[in-house]
Amino acid sequence: MADARRPRTMDLRKQPGFNQIAWLCLIFLYAPIVVLIVFSFNDNRSVVRWTEFSLRWYAAALDNQGIRNATIVSFKVASVATVFGTILATMAALATTRTAPFRGQTLSYAIINQPLMVPEIVTAVSTLALFAIIKQLTGLTGIGYLMLAHTVFCIPFAYMPIRARLEDMSLTLEQAAADLYATPFQVFRRVTLPMMSPGIVAGAMLAFVVSLDDVIITLMVAGPGETTLPIYILGQIRRGITPEINAVSTLLLGLSVILVTAFFLIGQRRR
């Protein structure tokens, strides 16, 4: 009788056409990426006609001074944005999880996650307008504006895994350390920080990937000589797709996959 009264659950995998639709979605999602990777190893300059396997376009990409310069700029901006964005995200996560519930806490979450809710083009245009006013008033220029824009944009991406890690952590050990007369700083350094480190590392990796792959904000904010790798690829595509661009895109894709995989594995650590 107990089994008869138990509610039946619907298994979507057994619904007619589910497998076919799922495979169709996967094909449309990953087929362009597979084509990109395959033709990056094509010896022919054509990106639609295969001749033979070759690594010539990877060698050409590595010898391209423009690609090297854009890569250096990308890593500089992404590194700075990751460091400062992760620090600010960690402070925000501690302030919203290691305190008693307060009035306006939901508003705090909304403000921190604002870049995720607002369309990126809106954020880019508003940032451009703000920086234009600052440049006019101060006369200051440079790559610092691009680094600042990326830092702010990366904060919510680093904040999410750090906050999730803190919410999963019990307060027992921190309270025990406080009972043993440890100062708040000692509790944080010896108990809280080591336990939340997987979340910090995962958040930093996610922030780095987001900054490295960003196009819209960079396109709006970057000044002369501040061309990042995605912007360089976009500029080259306007002149026509070449296997060299396929090779660069494949390398960038590989780096992103490695970092995202590491982020996922580290994020799975609960102890």
>> For a quick check of your reading of the filter: which trypsin sites (Lys or Arg not before Pro) in the stretch 123-209 sit in a DSSP loop and have no more than 10 other Cβ atoms within 10 Å?
In response: none
> How do 214-221, 100-107 rank on mean C-beta neighbours within 10 Å, highest first?
Replying inline: 214-221, 100-107
> What is the distance in Å between the Cα centres of the stretch 197-250 and the stretch 71-127?
Replying inline: 19
>> I need the calculated FRET efficiency for the pair SER197 and THR51, taking r as the beta carbon distance and R₀ as 41 Å, to the nearest 0.05.
In response: 0.25
> Of the listed peptides 69-78, 45-54, what is their order by residue-averaged count of other C-beta atoms within 10 Å, with the highest listed first?
Replying inline: 69-78, 45-54
>> Can you compute the modelled spin-label distance between ALA22 and THR99, with each label point 7 Å from Cα toward Cβ, in nm?
In response: 4.4
> Dipole size in debye (nearest 20) for the stretch 64-267 around its Cα centre, Lys and Arg Cβ +1, Asp and Glu Cβ -1?
Replying inline: 240
> Translational D (Stokes-Einstein, µm²/s) of the stretch 64-267 at 20 °C and 1.002 mPa s when Rh comes from the Kirkwood sum over C-alpha pairs?
Replying inline: 115
> With +1 on each Lys and Arg Cβ and -1 on each Asp and Glu Cβ, how big is the dipole of the stretch 161-271 about its Cα centre, in debye rounded to the nearest 20?
Replying inline: 200
> With point charges of +1 on the Cβ of Lys and Arg and -1 on the Cβ of Asp and Glu, referenced to the Cα centre of the chain, which listed residue (LEU166, ALA92, PHE75) lies farthest in the positive direction of the dipole?
Replying inline: LEU166
> Of LEU29, GLY254, ILE133, whose Cα points farthest to the positive end of the dipole of the chain (charges on the beta-carbon: +1 Lys, Arg; -1 Asp, Glu; origin at the Cα centre)?
Replying inline: LEU29
> In percent, how large is the relative contact order of the stretch 64-267, given Cα pairs closer than 8 Å and 6 or more residues apart?
Replying inline: 35
>> Checking understanding here: applying a Kyte-Doolittle mean of at least 0.5 and a length along the axis of at least 15 Å (C-alpha), which whole DSSP H helices in the chain pass?
In response: 18-39, 65-97, 120-138, 144-168, 193-213, 243-267
> For THR106 and LEU140, what is the calculated FRET efficiency with R₀ set at 51 Å and r taken between the beta-carbons, to the nearest 0.05?
Replying inline: 0.90
> Full extension from GLU167 to LEU259: what is 0.36 nm times the residue separation minus their Cα-Cα distance, to one decimal in nm?
Replying inline: 30.8 nm
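Any read-out appearing in this document is the output of simple, stated calculations on the displayed coordinates, not a laboratory observation. What you are looking at is a predicted structure, and each value in this text was computed from that prediction instead of being measured. Neighbour counts are summed over all protein chains in view; Cβ atoms, including those assigned to glycine, are modelled from backbone coordinates with ideal geometry.
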